[in-house]
1. Using a Förster distance of 30 Å, how high is the FRET efficiency between V241 and L217, based on the Cβ-Cβ distance and rounded to 0.05?
2. How much of the calculated P(r) for the range 6-140 lies past 23 Å, in percent of all Cα pairs?
3. Which translational diffusion coefficient, to the nearest whole µm²/s, is obtained for the range 116-242 from the Stokes-Einstein equation, given a Kirkwood hydrodynamic radius over C-alpha pairs, 37 °C and 0.692 mPa s?
4. Testing the spin-label approximation: label points 7 Å from Cα along Cα→Cβ at R188 and R307. State their distance in nm.
5. Between T145 and T119, what is the FRET efficiency for a Förster distance of 35 Å, r being their Cβ-Cβ separation, to the nearest 0.05?
6. Return the tail of the calculated pair distribution for the range 239-356, meaning the percent of Cα-Cα pairs more than 22 Å apart.
7. Rg/Rh for the chain to two decimals, with Rh computed the Kirkwood way over all alpha-carbon pairs.
8. Taking +1 at the Cβ of each Lys and Arg and -1 at the Cβ of each Asp and Glu, which of I127, A276, L419 sits farthest along the dipole of the chain towards its positive end, judged by Cα position relative to the Cα centre?
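Each reported figure results from applying straightforward, stated rules to the coordinates on display, with no laboratory input. Since this is a predicted model, take the numbers as computed values, not measurements. FYI the Cβ positions are ideal-geometry reconstructions off the backbone, even for glycines, and counts take in every protein chain you see.
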Amino acid sequence: MAPRSVRTRTTLAACASVAVVLLVASAAAVLLVRANLERSAEADAREQAEVVAGLAADGRLDAFLPLDHGTDFVQVVDAGGRVVAAGQNLAGRPALTQGGQSSHDLLRGEHHQSVTTITAATPTGPITVHVGASLRTADDAEDVTRAALAVLSGVLVLTVGVLTWRATGRALRPVEDIRAEVAAIGDRDLHRRVPEPPSDDEIARLADTMNAMLARLEAAGTRQRRFIADASHELRSPLAVLRTQLEVALAHPDPQVRSDLVAGALEDTERLQALAAELLLLARLDSTGRTGRTGPVEPVDLAELVRNTVTARGAEAHPVTVRASAAVTVAGSPLWLGRLLTNLLDNARRHARNAVTVRLDTDRASGTATLDVANDGPAIEPGDREKIFERFARLDDARSRDDGGAGLGLAIARDIATLHGGTLTVLDTPGETTFRARLPTTPAPPADR
């Protein structure tokens, strides 16, 4: 079963990697040392064999030959296979076979030998010189090198294991602290944050990302709780009025009064129905924003949409002037874009003194369509220009209630603009209040020929 700890797996991987490298390096070092020592022994044996051959060629070859340091045996054999000279340790021994195997086996002992054979011409005929060099030094050096490398490799692998274990533990300690803190954070503790290490590395960036995510979760939870509280507050008042009207109508004996009360209750019911529809639309927009799917997308001619929407509204208390250029095409949902325009027109109608103006244009440089809905009502203070897009926000609460507004229209309009890749802002224009929606345009279809 594989170890589950990252620390353990990292330590084992580091030790295994170092062990493999040390094994290959040690084998190469041992082979190199032995090869160098064997070449040195062979060179010494060949040098002595050439000296003996030179003595034989000069006719100065003695029957008994001295052995140099590191030489196991020397033997000189004539063409007839007769031993004409040898070292004292081969005195009386028969001639060596090809390669010196017979006496070599007798004299080798516990160590390897390197046998060098050369042929030389002498006044009495050709001779063959066999010189056996001891590889005792090479064998001893190989044994010592192997033992030393084994000990050194073991120490290095152990050192690497200890250092990797400690370094990995130190590196992963902030991760464990982050994990423990995240595990302890519940849905009521979103204000808590994970500890951020002082280093500027991946773990520090992970902690920063986790804290940013927790901040977004906390903000989302706060918005959700505020939305629920605001929705409950908005529903409580019309429900209380509706219940009072129904109770009074049920108990009042005058049919005319009862009819008026029922008519008022019907108006409040319609207001509640509209509020419920807006709440459902906001929930749908929130869901669409989280999933990233905006539903069916098709080319929409904003100029035609503006004209149709204004015409369908009929006569207004304040006239609506439309200034739209030629076809302006955007990609999106005609239903939702129509709702965005309707909400902006409703807001402009509530606050206009005399007139409402709708302007539509395109910015070819940025590839955006600009939809402005302006009214000549009171200006919005700079500090309130973002607040008005909050849900259930009303700068004039009493007037908005009388006009039937719930403070959701602008919030819905901005959400729709955002889902279509655009923006909705308030401009500081002289003499009027202008809401500007920017939406990305799509290329116009080719004209028919």
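1. So the FRET efficiency works out to roughly 0.20.
2. 44 percent
3. Rounded to a whole number, D works out at 143 µm²/s.
4. Taking the two extended label points, one gets 6.0 nm.
5. Efficiency computed from Cβ-Cβ geometry: 0.45.
6. Looking at the range 239-356, the distances longer than 22 Å represent 57 percent of pairs.
7. On the Cα set of the chain, Rg over Rh gives 1.53.
8. A276
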